[in-house]
Amino acid sequence: MKPAPFGYRRPSTVAEAVRELAADSGAKVLAGGQSLIPLLSMRLAAPSLLVDINEIPGLDAIEVDERGVRIGALARHAAVLADPDVRRVQPLVSLALANVAHATIRNRGTTVGSLVHADAAAEMPVVLLLTGGSVEVQGPSGRRTIAAPDLYVGPLESSLAHDEIAVAAFFPALAPGAGVAFSEIARRHGDYALVGAAALVTGRGQDETVRVGYLSAGDLPTVVDLTGVDETELGDAALAHLDPGDDIHATAAYRAQLVRVLTRRVVRAARAHAEGAER
Amino acid sequence: MSEELHPVRLTVNGVTHRVEVPARRLLSDALRHDVGLTGTHVGCEHGVCGACTVLVDGDPVRSCLMLAVSAADHEITTVEGLAAPDGTLSPVQQAFAECHGLQCGFCTPGFLTTITAGLRENPCPSHEQAREMIAGNLCRCTGYQNIVKAVERAAQIGASDKAAS
Ligand SMILES: Cc1cc2nc3c(=O)[nH]c(=O)nc-3n(C[C@H](O)[C@H](O)[C@H](O)COP(=O)(O)OP(=O)(O)OC[C@H]3O[C@@H](n4cnc5c(N)ncnc54)[C@H](O)[C@@H]3O)c2cc1C
Ligand code: FES
Ligand code: FES
């Protein structure tokens with residue numbers, strides 16, 4: 001199938017792009033197109049106008065300092081994944097990105113596009129939630145920052161207003177002594193996961209906190225606090241907060257079992273990472 | 001209502017083509033129908049199969065997931081641009097011929113472009129890396145074993161070409 005007709009603009013500044021969006025309530029942003037164009041071709045979306053942000057200079061920046069990683073709206077997954085500073089300062093971003101689609105898709109898909117697309121099957125929204133990240137957006141009345149928990153409001157629905165563009169995402173740095181891990185089960189490496197899990201462990205002994213984020217285990221990306229839970233109970237404690245569904249790829253019962261297995265796996269790996277990082 | 005057409009300059013395999021297309025024209029369709037290069041194949045049209053993969057500024061990209069209007073001012077290489085001007089096969093093409101890397105050939109253009117770029121980035125892949133390189137492409141004839149062999153053979157040909165020059 002082919003997309004239905006739409007208008008097309010290719011602005012050269014963010015302000016101009018925002019004006020185009022504000023002027024047409026049926027307009028949509030086109031970033032990497034790796035999610036949007038399939039929706040157009042299947043006619044699941046039929047915007048009246050596409051505002052292609054790909055030629056706006058400067059939006060592809062990846063800035064890293066000791067506070068964290070700031071990823072511009074046009075930074076492709078591939079560029080973020082290849083950045084050694086990103087890997088050093090917030091390794092969970094790189095660990096998760098290696099599981100986002102195939103290399104060819106990562107050459108065009110953007111990390112910010114993936115965050116605002118708000119797919120509960122996607123890796124990066126969970127990472128944003130778990131690390132306490134945020135998205136910076138620009139609209140007609142200026143810029144604002146949306147913290148990750150306020151970004152995800154429904155299946156495939158983010159809290160951006162129709163005339164707002166996400167200009168960058170921020171992932172805070174991994175704290176000293178903390179550890180992270182990511183793991184997912186997909187039918188083929190690079191395909192959407194049946195279930196995926198990311199863990200963040202901080203502190204030791206009495207002070208330890210354990211949080212795990214899940215993809216494809218409910219309608220929304222979800223983070224569960226598993227601090228103080230016994231190792232044998234981890235999976236069932238997580239499942240109390242999750243709602244894994246049935247589809248053609250897997251049954252709910254199988255997804256629940258994957259939650260149990262992956263939770264144990266990522267918590268153990270994050271603890272090992274924390275210990276290694278402390279040495 | 002007639003649809004607005006956009007004049008677009010597409011540079012494909014070093015040749016510039018001026019085409020007039022609606023904004024919704026996919027790059028894959030523009031290459032096949034407007035430019036007349038039918039080597040790029042279209043399978044799934046939603047990014048899963050990889051048959052339509054072309055190089056944009058040297059990187060492999062799904063041409064079914066890019067609009068022709070967005071491709072203006074970028075360098076595109078299709079499977080037709082891989083052989084030398086005199087018809088000499090590229091190392092990857094030669095390796096596919098030697099290793100029986102194609103059966104019906106429908107998926108082949110996407111594999112050839114993907115592997116060409118993959119070997120540029122990693123000229124001597126391990127067996128595992130060779131498999132990973134083609135993991136995003138589907139072959140309905142399931143010729144994967146021979147395609148992986150072709151990746152490894154192409155790396156050998158590339159290395160001996162480099163040693164010879
Ligand atoms: C075969 C295939 C497999 C894939 N597998 C995975 C996978 O395993 N995991 C995964 O996470 N993703 C996967 N993806 C999706 C991929 O990661 C997408 O690139 C990503 O989800 C969307 O990014 P994009 O830049 O392509 O956005 P687009 O497709 O251009 O846009 C997606 C949506 O976000 C909006 N949008 C994009 N950028 C902005 C912005 N800056 N401001 C405001 N709105 C914006 C658009 O209007 C649109 O609604 C896959 C895609 C394909 C085709
Ligand atoms: S036709 Fe483009 S990926 Fe299948
Ligand atoms: S050779 Fe027939 S689809 Fe691959």
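The values are calculated or read from the model by the stated rules, or taken from the named source; none is laboratory data. This one's a predicted model, so the numbers in the text were calculated from it and none came from an experiment. Note: ideal-geometry Cβ built from the backbone for every residue, glycine included; neighbour counts use all protein chains shown. Accessible surface areas use protein heavy atoms only, side chains included; no ligands, DNA or RNA. Shrake-Rupley method; radii C 1.70, N 1.55, O 1.52, S 1.80 Å.
Can you list residues whose amide H is under 5 Å from B:THR11's amide H, if they're 5+ apart or on another chain and H is modeled 1.01 Å from N?
Distant-sequence amide H within range of B:THR11: B:HIS17, B:ASP73, B:HIS74, B:ILE76.
Evaluate the relative contact order of region B:91-164 (contact order divided by residue number), counting alpha-carbon pairs under 8 angstrom at least 6 apart; express in whole percent. Write out the running numbers ahead of the final one.
On the way: 74 pairs, mean separation 37.2, N = 74.
Relative contact order for region B:91-164 comes out at 50 percent.
Give the Rg/Rh ratio for region B:56-96, taking Rg as the radius of gyration of the Cα atoms and Rh as the Kirkwood radius, to two decimals.
Numbers: Rg = 12.4 Å, Rh = 11.8 Å.
With Rh from the inverse mean 1/r over Cα pairs, Rg/Rh is 1.06.
Quick check: from the Cα gyration tensor, does region A:49-161 come out rounded (a/c under 1.5), prolate or oblate? All intermediate terms of the calculation are to be shown ahead of the outcome.
On the way: a/c = 1.28, a/b = 1.20, b/c = 1.06.
Since a/c stays below 1.5, the shape of region A:49-161 is classed as rounded.
Counting pairs of alpha carbon atoms under 8 Å apart in space and at least six apart in sequence, what relative contact order in percent does region A:179-278 give? Walk me through the numbers before you get to the answer.
Values: 188 pairs, mean separation 32.4, N = 100.
Rounded, it is 32 percent for region A:179-278.
Taking the 0 to 90 degree range and rounding to the nearest ten, how far is the long axis of helix A:14-23 tilted relative to the main principal axis of chain A, both from C-alpha atoms?
70
Count neighbours as other Cβ atoms within 10 Å of each site's Cβ, and list the trypsin sites (Lys or Arg not before Pro) in region A:91-191 that are DSSP loop with at most 16 such neighbours. Kindly include the intermediate steps, with their values, before the conclusion.
On the way: sites: A:ARG106, A:ARG108, A:ARG143, A:ARG144, A:ARG187, A:ARG188; in loops: A:ARG108, A:ARG187, A:ARG188.
Listed in order of number, the matching sites are A:ARG187, A:ARG188.
Computed on protein heavy atoms with a 1.4 Å probe, what is the summed buried accessible area for the chain pair A and B, in Å² to the nearest 100? Spell out each step's value before the answer.
Numbers: alone 13000 and 8710 Å², together 19440 Å².
It comes to approximately 2300 Å² buried between A and B.
Which GluC sites (Glu not before Pro) from region A:200-258 combine a DSSP loop assignment with at most 16 other Cβ atoms within 10 Å? Can you show the working numbers first?
Details: sites: A:GLU208, A:GLU231, A:GLU233; in loops: A:GLU208.
Answer by residue number: A:GLU208.
Once amide H atoms are built 1.01 Å from N in the peptide plane, which residues 5 or more positions from A:SER48, or in another chain, come under 5 Å H to H?
Amide H neighbours of A:SER48, under 5 Å, 5+ apart: A:GLY26, A:ALA27.
So which GluC sites (Glu not before Pro) in region A:30-113 are both in a DSSP loop and have at most 14 other Cβ atoms within 10 Å of their Cβ?
Values: sites: A:GLU55, A:GLU63, A:GLU66; in loops: A:GLU55, A:GLU66.
Loop-located and lightly packed - A:GLU55, A:GLU66.
Let's test the formula: R0 of 22 Å, r as the Cβ-Cβ distance of B:LEU89 and B:ALA164. What FRET efficiency results, to the nearest 0.05?
Between B:LEU89 and B:ALA164 the formula returns 0.85.
Can you list the aspartates and glutamates whose alpha carbon is less than 15 Å from that of A:LYS28, not counting same-chain residues fewer than 8 positions off?
Cα-Cα hits under 15 Å: A:GLU16, A:GLU20, A:ASP52, A:GLU157, A:ASP163, A:GLU164.
What are the ³J(HN,Hα) values, in whole Hz, obtained from phi via the Karplus relation 6.51 cos²θ - 1.76 cosθ + 1.60 with θ = phi - 60°, for each residue of region A:38-54 in sequence order, with x given for Gly and Pro?
x, 5, 5, 5, 7, 6, 7, 9, 9, x, 7, 8, 10, 9, 7, 8, 5
For region B:9-18, take each phi angle, set θ = phi - 60°, evaluate the Karplus expression 6.51 cos²θ - 1.76 cosθ + 1.60, and give the result in whole Hz per residue in order, putting x for glycine and proline.
9, 9, 9, 10, 6, x, 10, 8, 10, 9
What does the charge add up to near A:ILE165, with Lys and Arg as +1, Asp and Glu as -1, over the other residues with Cβ less than 15 Å from its Cβ?
Working: positive: A:ARG9, A:ARG10, A:ARG19, A:LYS28, A:ARG143, A:ARG144; negative: A:GLU16, A:GLU20, A:ASP24, A:ASP52, A:GLU55, A:ASP60, A:GLU136, A:ASP163, A:GLU164.
Once positives and negatives cancel, what remains is -3.
For chain B, what does the alpha-carbon gyration tensor say about shape, rounded, prolate or oblate, given a ≥ b ≥ c as the root eigenvalues, a/c under 1.5 as rounded, and a/b over b/c as prolate? Mind showing how you got there, number by number?
Details: a/c = 2.33, a/b = 1.72, b/c = 1.36.
It comes out prolate by the Cα gyration axes.
For the protein assembly as shown, what % of the accessible area comes from carbon and sulfur atoms, probe 1.4 Å? Numbers along the way, then the final one.
Working: 9980 of 19440 Å².
Of all accessible area on the protein assembly as shown, carbon and sulfur atoms account for 51 percent.
Over region A:7-52, what is the relative contact order in percent, taking alpha-carbon pairs closer than 8 angstrom and at least six residues apart? Present the calculation step by step, with values, prior to reporting the outcome.
On the way: 49 pairs, mean separation 25.5, N = 46.
Result for region A:7-52 is 56 percent.
Once you have a ≥ b ≥ c as the square roots of the Cα gyration tensor eigenvalues for the protein assembly as shown, tell me rounded if a/c is under 1.5, and otherwise prolate or oblate according to whether a/b is larger than b/c.
Values: a/c = 1.87, a/b = 1.29, b/c = 1.45.
Oblate.
Averaged across B:112-125, how many Cβ atoms of other chains sit within 10 Å of each residue's Cβ atom? Write out the running numbers ahead of the final one.
On the way: counts 0, 1, 3, 0, 0, 3, 2, 0, 0, 2, 0, 0, 0, 0.
Mean inter-chain Cβ contacts per residue within 10 Å come to 1.
If you fit an axis through the alpha-carbon atoms of helix B:108-121 and take the longest principal axis of the Cα set of chain B, what angle between them do you get, 0 to 90°, nearest 10?
It works out to around 70 degrees.
Residue-wise, which Karplus ³J(HN,Hα) couplings in Hz belong to region B:44-49, taking 6.51 cos²θ - 1.76 cosθ + 1.60, θ = phi - 60°, and x for glycine or proline?
8, 6, 9, x, 8, 8
Counting only Cα atoms, I'd like the Rg/Rh figure for region A:96-213, Kirkwood definition for Rh. Numbers along the way, then the final one.
Numbers: Rg = 15.3 Å, Rh = 15.4 Å.
Radius of gyration relative to Kirkwood radius: 1.00.
Give me the accessible area per residue for chain A, probe 1.4 Å, as a whole number in Å². It would help to have the intermediate numbers written out before the result.
Numbers: 11840 Å² over 279 residues.
Counting only protein heavy atoms, the per-residue value for chain A is 42 Å².
Can you give me the Kirkwood hydrodynamic radius for region B:4-43, using every pair of distinct Cα atoms, in Å to one decimal? Mind showing how you got there, number by number?
Working: mean 1/r = 0.0957 Å⁻¹.
Its Kirkwood hydrodynamic radius stands at 10.4 Å.
Check each residue of region B:54-77 and keep those whose accessible area, probe 1.4 Å, is at least 50 Å² smaller with all protein chains in place than in the chain alone; give them in order of residue number.
Output list: B:ARG62, B:LEU65, B:LEU67, B:SER70.
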